[in-house]
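*Asks:* Okay, handing you the structure first.
The values are calculated or read from the model by the stated rules, or taken from the named source; none is laboratory data. Predicted, not measured: the structure shown is a model, and the values here were computed from it. No Cβ is skipped: glycine too gets one built from the backbone with ideal geometry, and neighbour counts run over all protein chains shown. Note: accessible area is taken over every heavy atom of the protein model, side chains too, but ligands, DNA and RNA are not part of it. Shrake-Rupley method; radii C 1.70, N 1.55, O 1.52, S 1.80 Å.
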Amino acid sequence: MKAKADTPFVALNIAVLTVSDTRTFDTDTSGQMFVDRLSAAGHRLAERVLLKDDLYKIRAQVATWIADDNVQVVLITGGTGFTGRDSTPEAVACLLDKQVDGFGELFRQISVADIGTSTVQSRALAGLANGTLVCCLPGSTNAVRTGWDGILAEQLDARHRPCNFVAHLKQAAACDSRG
């Protein structure tokens, strides 16, 4: 990672949402991987929720976090495929003020090494809403690992150069930088 030495780390408040019709907190390895990765990086878990794949419940939960002054990032795992029940992109897209088009593109690009052309079936997306970064990834643990390690770890680190998302997030300067 390219880092600016005089820039302090900023611990962000991150909410994690797992969208699944079958998982419980005990079997939610993808959501747990997000929790483990964000904690190891020095960020704080704001809240963790598991919802069935229901467009309106997903939208309501994400909208609640977007409106919450204490949540700066929302990480969603699941519901991004093509089955009839997969509705995360549809639930989230209308809430975004700006889409981060490069997020889905980069996620698919780095996923090719693991899953080949099946990456075209990923509807990963991200965007900003009310100073909150919202990222939607597929529900597999491998997809969460790829998204965190390949994109999010650097983009959620204020020290990463030439740019990162921290400056675009609400109250980022007010967060405790001691991690």
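*Asks:* Just give me the residues in the stretch 38-68 being open to solvent by less than 30 Å² (accessible area, probe 1.4 Å), aliphatic (A, V, I, L, M) and part of a loop (DSSP other than H, G, I, E, B), in sequence order.
*Replies:* none
*Asks:* Sticking with this one: Of the numbered conditions (1) part of a helix (DSSP H, G or I); (2) open to solvent by 20 Å² or more (accessible area, probe 1.4 Å); (3) out of contact with any Asp or Glu (no Cβ under 8 Å at 6 or more places or on another chain); (4) not aliphatic (A, V, I, L, M), T119 fails exactly one; give the number of that condition.
*Replies:* It fails just one condition, (2).
*Asks:* Is it the case that D86 is farther than 20 Å from A46 by Cα and modelled with pLDDT of 95 or more? Working first, answer last.
*Replies:* Values: farther than 20 Å from A46 by Cα: yes; modelled with pLDDT of 95 or more: no.
In short, no.
*Asks:* Filter the stretch 120-159 down to the residues that are at pLDDT 95 or above and of a type in the set (K, R) and list them by number.
*Replies:* Result: R145, R159.
*Asks:* Out of V71, V144, V92, I need the residue that is open to solvent by less than 20 Å² (accessible area, probe 1.4 Å), among the hydrophobic types (A, V, I, L, M, F, W, C) and part of a loop (DSSP other than H, G, I, E, B). Which one?
*Replies:* Being open to solvent by less than 20 Å² (accessible area, probe 1.4 Å), among the hydrophobic types (A, V, I, L, M, F, W, C) and part of a loop (DSSP other than H, G, I, E, B) holds for just one of V71, V144, V92, which is V71.
*Asks:* Pairs under 6 Å by beta carbon, first residue within 16 Å of R37 (Cβ to Cβ) in the stretch 156-168, partner part of a loop (DSSP other than H, G, I, E, B) and modelled with pLDDT under 95, six or more apart or different chains?
*Replies:* H160/M1
*Asks:* Search the stretch 101-138 for residues being of a type in the set (V, I, T) and touching a residue at least 60 places away in the same chain (Cβ under 8 Å), and hand back the single one that is nearest to H168 (Cα to Cα). Before you say what the answer is, go through the steps one by one.
*Replies:* Of all residues in the stretch 101-138, those of a type in the set (V, I, T) come to 110, 112, 115, 117, 119-120, 132, 134.
Of the ones still in play, those that are also touching a residue at least 60 places away in the same chain (Cβ under 8 Å) are 132, 134.
Values: T132: 8, V134: 12 Å.
Ranking the candidates gives T132 first.
*Asks:* Now for a separate question. Looking only at the stretch 18-77, which residues are in contact with a strand residue (DSSP E or B) (Cβ under 8 Å, 6 or more places away or on another chain) and basic (K, R)?
*Replies:* Within the stretch 18-77, R23, R44, R48, K52, K57 meet the criteria.
*Asks:* Moving to a separate point now. Quick check, is D26 in contact with an Asp or Glu (Cβ under 8 Å, 6 or more places away or on another chain), assigned to a loop (DSSP other than H, G, I, E, B) and charged (D, E, K, R)? Break it down into steps so the answer makes sense when it comes.
*Replies:* On the way: in contact with an Asp or Glu (Cβ under 8 Å, 6 or more places away or on another chain): no; assigned to a loop (DSSP other than H, G, I, E, B): yes; charged (D, E, K, R): yes.
Here the answer is no, as D26 does not meet what is asked.
*Asks:* M33 fails exactly one of the following numbered conditions: (1) open to solvent by 40 Å² or more (accessible area, probe 1.4 Å); (2) closer than 20 Å to T119 by Cβ; (3) in contact (Cβ under 8 Å) with a residue 40 or more places away in the chain; (4) not β-branched (V, I, T). What is the number of that condition?
*Replies:* (1)
*Asks:* Out of A11, A40, report the one residue that is in contact (Cβ under 8 Å) with a residue 24 or more places away in the chain and within 26 Å of Q171 (Cα to Cα).
*Replies:* On the way: A40 fails: in contact (Cβ under 8 Å) with a residue 24 or more places away in the chain.
A11 is the lone residue from the list that is in contact (Cβ under 8 Å) with a residue 24 or more places away in the chain and within 26 Å of Q171 (Cα to Cα).
*Asks:* Right, next: Please give the number of the condition L128 fails out of (1) part of a helix (DSSP H, G or I); (2) open to solvent by 10 Å² or more (accessible area, probe 1.4 Å).
*Replies:* Failing condition for L128: (1).
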